[in-house]
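No value in this document is a laboratory result; all are computed from the given coordinates. Just so we're clear, the structure is a prediction, and the values are computed from it rather than from any experiment. So basically every Cβ, Gly included, is an ideal-geometry build from the backbone, and we count neighbours across all protein chains shown.
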Amino acid sequence: MSRLQIAISNIIFARTYTLQFLDGLPDADWFRMPSGGVTHIAWQVGHLAIAQYFLVLDRVRGVRPEDEQLIPTAFRNCFERGSVVEPDPAMYPPIPEIRATFDRVHETVMAETPRIPDAELDDALKRSHRIAKTKIEVLNWCSAHEMVHAGQIALIRRFLGYPPIW
């Protein structure tokens, strides 16, 4: 298996892992913040959508004009790193829009990433990143980043009273 295939496989694994925590979760629980909590599932999912966009699409292939339809600027502003998480659902896009954007970005990443030539994997990113310096590094970080947030989603679920999935 090539380095690119391994990175793609890891991204798919991380997304599959995340989805198990979202599937069947009632809408009423997406914006619930556990006592003492600092985030909610809706923010985590929206953040994963923009993170995957910025890590893979922005930094590997570069921004394209059609990206505004893929992941609108207003959406990005709600979920960017450093944004303040609010428990009020009115401060965010509706859950179906969050989930659709999450899915749409991932589908685009899965469609475009396999086309990266092996000879380009060690190239510098289109825009710098504090952890990853090359295309292959940012692809590997993408799956690791999602696993971090999957763990946060799992913990939020536990605080909301859901049993562990494992």
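A compact table of results
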item: Sites His129 and Ser35 - FRET efficiency at Förster radius 25 Å, r taken between beta-carbons, to 0.05; result: 0.15
item: Axial C-alpha extent at least 20 Å, average Kyte-Doolittle at least 0.5 - helices from the chain (DSSP); result: 3-22
item: For Asp29, net neighbour charge (Lys/Arg +1, Asp/Glu -1) across residues whose Cβ lies under 14 Å away; result: +2
item: Prolate/oblate/rounded call for region 44-109, Cα gyration tensor, a/c under 1.5 rounded; result: prolate
item: Cα pair distances of region 124-166 binned at 5 Å [whole percent]; result: 6, 21, 20, 14, 11, 9, 10, 8, 2
item: Quarter of the Cα convex hull surface for the chain, i.e. its orientation-mean projected area (nm²); result: 9.9 nm²
item: Ranking of Cys142, Cys78 by count of other Cβ atoms within 10 Å, fewest first; result: Cys78, Cys142
item: Principal axes of region 76-154: Cα extent on each, largest first, Å; result: 46, 26, 24
item: Förster-model FRET efficiency, 41 Å R0, Glu86 and Gln20, C-beta, rounded to 0.05; result: 0.95
item: Fewest-first sequence of Asp88, Asp118, Asp58 by Cβ atoms within 10 Å of each Cβ; result: Asp88, Asp118, Asp58
item: Net +/- balance of residues flanking Glu86 in space, Cβ distance below 15 Å, scoring K and R +1, D and E -1; result: -1
item: Neighbour-count ranking [beta-carbon atoms within 10 angstrom, fewest first] of Ser9, Ser143; result: Ser9, Ser143
